[in-house]
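Bear in mind that the values in this text are calculations on the coordinates, not laboratory data. Predicted, not measured: the structure shown is a model, and the values here were computed from it. In this analysis, Cβ positions are derived from the backbone assuming ideal geometry, glycine residues included, and neighbour counts consider all displayed protein chains.
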Amino acid sequence: MKKTTVTEEIVSFNKKNYSLFAAGIISIILGFLSLSKGSITLAPILLVLGYVILIPISIIIK
C-alpha cells in the first residue's frame, strides 16, 4: 500500500488583503448605519458590496 501525504497550505494575508477586508467591514458598517437612517437604496448597495464583493475578494486574492 502506498502512503500519501497530506500537505496543508497555510493562508497568509498581506497588506492588500487586510486593506480589502477593512474596506469590506467599513462598507458593511456604513450599510447598516444607512439602513438604520431609512435609506432603501444606498444601504443594500453598501451591504452587497461588503458581503458579496469585498470580503470574498480579500480572502481569494493572493
Taking the Cα-to-Cβ direction at ILE25 and at VAL6 and moving 7 Å from each Cα, how far apart do the two end points lie in nm? 3.1
The chain, relative contact order [Cα under 8 Å, separation at least 6], %: 42
With n ≥ 4 as the cut-off for DSSP H runs, can you work out [θ] at 222 nm for the chain, using -39500 (n - 2.57) per run divided by the number of residues, rounded to the nearest 500? -18000 deg cm²/dmol
Partners for LYS62 among lysines (Cα-Cα distance below 17 Å; same-chain residues under 8 apart left out): LYS15, LYS16
For LYS37, list the lysines whose Cα falls under 20 Å from its own Cα; do not include residues on the same chain fewer than 8 positions away. none
Cleavage-rule hits (chymotrypsin sites (Phe, Trp or Tyr not before Pro)) in the chain: DSSP loop, at most 15 neighbouring Cβ within 10 angstrom: PHE13
Treat every Asp and Glu Cβ in the chain as -1 and every Lys and Arg Cβ as +1, leave all other atoms uncharged, and give the resulting dipole magnitude about the Cα centre to the nearest 20 debye. 180
